[in-house]
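Here is the structure we will look at, set down as structure tokens.
The values are calculated or read from the model by the stated rules, or taken from the named source; none is laboratory data. These numbers come from a predicted model, not from an experiment. Cβ atoms come from the backbone with ideal geometry, glycine included; neighbour counts cover every protein chain shown.
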Amino acid sequence: MKIVCFYEAYESLAFERFFSIFKKYYIDHDLVMDRGIFSDYSIINPFFSKKIDSLVKMISDDILKKEPTHVMFSVFTDNLIKIQKIAELIRSKNKNIQIIAGGPHSTTMYRKMLNTGLFDIVVRGAGEDFIRCLCNNRPLDGKGACYIKENNIVENEFSLVPEEEFVDLKEDKDLFLKNMPWNREYIHTISSFGCYFKCSYCYHSVFQKPCKVIRKNIDVFIDQLLSLKKQGFKKVVFHDDLFISDRDHIIRFLTEYKKKIALPFMCIVYPAFLDKKICRLLKEAGCVNVEIGSQVLSDRLRKKYLQRSDKSSQVINAMRLLHRYNLSFTVDHIFGIPEETLKIHERSILEYIKYRPSRIHFCYMTIYPASKINNILLDKGLIDQKKIDLCESGIVDNVNMGGSVKVNEDLKRLEIIGHLAGIFSENLIRRLIRHRVYRILPSKLALLSKYFSYSIIALIKGNEFNIELQLKRYLSSLMKMLTMLLK
């Protein structure tokens, strides 16, 4: 058995966990990566996107050169079309290779994916149990496995979080580091799985039952981080949705982290869970940047359309605490919400800048298969059924480039000013917004202003690890392309 996994642009913690299982069972495995330059979900350039067919052939050839018996894809709606083309080429050249798909899109659209005939097995939810069964030559017994038998789709039960026996699996980073040398300083990890909430625009809104949250054993996790620290890693990015939601757990974890790890780190925080003690412990443990979700400072819009349970007062209190404890933070904000007004967004940004965020991360409302926001937008006449159908087939709007809802062009102009909040003084930004000077700006500059300001902030402040990595990925890839051209 030889298993080859394909991934695009970023590090996959799920694949790293699978690699640990492969090693346990002595399964030969490898990784093929596409660096995703100008074609990942963050930055899409139409000129480079047109080159997708030539990239697909190169990727499929790279996979086939490794002579796999199985090929595994992690499928997001954004990369569905590319992966289907790769799978089609592999299938045309070797029908004996078993093609397996997992990931968010596979979990929601498994029936459509199986009906394409390109995938032998589509796995829903967490894949660890399936991987173990695959290693034991029993893939169809694995949790989450879906496949066609006698013209009918068989669906095994699935879970969105790993079974307890897999929670503390080591993330085996060797193959990703081999393919992503610029990533060598950074530990990407999570301390927990799952999310209690069902925000309408989020993947978790798809499922009827609440998703449980399960956390890693603190002692085991600290030992894993310590091992990585000894290997030379210098920075940590925690990707948990609910990093601090269990107060007793996070207090103990941060205390141990401070004693034994003490590397600078970033994390994501749900505003309602933040208090003085947690802020102090985050700061003392080495936190250099916190990402918090506001989306909009309107309780009515947040509750009615985003289906968030937190209140504007809790978001403001979280920002106040972060500012008080001198913790740099990024605040997430969404344009394209039903019944939004220019004034609501102006007030939100004016409130954010009181507390001097490192940056404001603007996104545009974007639909994904089966998310609750789809029907909300459909009922309000902001999208049509055709857009939903296109989305399910992989033709998806971009969260950074206008999203799925047509918005007032003044919002894109306001975004330009918002991006400057981390660079220029509060008074200047406040005047530009209050006098609506931004309305003279060309709205097409919004995306350019985002990446320009992000780059400046990363270079000046040195605490935006995710932006640092994007810059390093592009610089490394462009240098490699230049070297190839010169040869």
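If I ask for residues that are crowded, with 19+ Cβ neighbours inside 10 Å and hydrophobic (A, V, I, L, M, F, W, C), which ones from region 176-189 would you list?
Pass one, region 176-189, residues crowded, with 19+ Cβ neighbours inside 10 Å: 176, 180, 183, 186-189.
Hits for region 176-189 are PHE176, MET180, ILE187.
Is there a residue being of a type in the set (A, V, I, L, M), closer than 27 Å to LEU306 by Cα and within 25 Å of the chain's Cα centre (by Cα) anywhere in region 444-451?
Step one: list which residues in region 444-451 are of a type in the set (A, V, I, L, M), which gives 445-448.
Keeping just the survivors that are closer than 27 Å to LEU306 by Cα gives 446-447.
With the extra rule that they be within 25 Å of the chain's Cα centre (by Cα), the set shrinks to 446-447.
The answer is yes, given that some residue of region 444-451 is of a type in the set (A, V, I, L, M), closer than 27 Å to LEU306 by Cα and within 25 Å of the chain's Cα centre (by Cα).
Can you tell me how many residues in region 242-280 are under 21 Å from ASN466 (Cα atoms), under 24 Å from the mean Cα position of the chain (by Cα) and part of a loop (DSSP other than H, G, I, E, B)?
6
Could you list, ordered by first residue, the pairs with Cβ atoms under 6 Å in which the first is in region 76-94 and assigned by TED's automatic domain parsing to the domain that holds ILE121 and closer than 15 Å to ASN398 by Cβ and the second is among the hydroxyl-bearing types (Ser, Thr, Tyr) and surrounded by fewer than 23 Cβ atoms within 10 Å (Cβ to Cβ), at least 6 apart or interchain?
What qualifies is ASP78/TYR41.
With the condition kept exactly as written, say whether any residue in region 200-212 is part of a helix (DSSP H, G or I), assigned by TED's automatic domain parsing to the domain that holds ASP248 and out of contact with any helix residue (DSSP H, G or I) (no Cβ under 7 Å at 6 or more places or on another chain). Before the answer, list the steps.
Taking region 200-212 first, the residues part of a helix (DSSP H, G or I) are 203-206.
The next check asks that each one be assigned by TED's automatic domain parsing to the domain that holds ASP248; those that pass are 203-206.
Within this subset, residues satisfying the condition of being out of contact with any helix residue (DSSP H, G or I) (no Cβ under 7 Å at 6 or more places or on another chain) are 204.
Yes - at least one qualifying residue is present in region 200-212.
So which residues in region 66-101 are more than 27 Å from the chain's Cα centre (by Cα) and of a type in the set (D, E, K, R), if there are any at all?
Narrowing region 66-101 to residues more than 27 Å from the chain's Cα centre (by Cα): 66-69, 89-98.
Scanning region 66-101 gives LYS66, GLU67, ARG91, LYS93, LYS95.
One line per residue, one yes/no per condition, for (1) under 19 Å from the mean Cα position of the chain (by Cα); (2) within 19 Å of SER12 (Cβ to Cβ); (3) of a type in the set (A, V, I, L, M, F, W, C):
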residue	(1), (2), (3)
GLY103	yes, yes, no
PHE119	no, yes, yes
ASN137	no, no, no
ASN152	no, no, no
PRO181	no, yes, no
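Is there a residue being over 29 Å from ALA318 (Cα atoms), touching a residue at least 12 places away in the same chain (Cβ under 8 Å) and surrounded by fewer than 21 Cβ atoms within 10 Å (Cβ to Cβ) anywhere in region 338-353? Full working, then the answer.
Residues of region 338-353 over 29 Å from ALA318 (Cα atoms): none.
No, region 338-353 contains no residue that is over 29 Å from ALA318 (Cα atoms), touching a residue at least 12 places away in the same chain (Cβ under 8 Å) and surrounded by fewer than 21 Cβ atoms within 10 Å (Cβ to Cβ).
Can you pull out the residues in region 418-461 that are surrounded by 13 or more Cβ atoms within 10 Å (Cβ to Cβ) and in a loop (DSSP other than H, G, I, E, B)?
If the condition is that a residue be surrounded by 13 or more Cβ atoms within 10 Å (Cβ to Cβ) and in a loop (DSSP other than H, G, I, E, B), then ILE423, PHE424, ARG436, LEU441 are the ones that fit.
For the list (1) modelled with pLDDT of 95 or more; (2) in a loop (DSSP other than H, G, I, E, B); (3) buried (at least 19 other Cβ atoms within 10 Å of the Cβ), I need the number of the one condition that VAL399 fails.
Unmet condition: (1).
Name the single residue that is modelled with the lowest pLDDT among those in region 149-164 being farther than 19 Å from GLY103 by Cβ and not in a loop (DSSP other than H, G, I, E, B).
Pass one, region 149-164, residues farther than 19 Å from GLY103 by Cβ: 149-152, 154, 164.
Now restrict to residues that are not in a loop (DSSP other than H, G, I, E, B): 149, 152, 154, 164.
Values: LYS149: 96, ASN152: 97, VAL154: 98, GLU164: 93.
Result: GLU164.
Does SER227 satisfy the condition of being under 30 Å from MET365 (Cβ atoms) and outside the structural domain of PHE76 (by TED's automatic domain parsing)? Lay out the reasoning, then the answer.
Working: under 30 Å from MET365 (Cβ atoms): no; outside the structural domain of PHE76 (by TED's automatic domain parsing): yes.
Judged against the criteria, SER227 is not a match.
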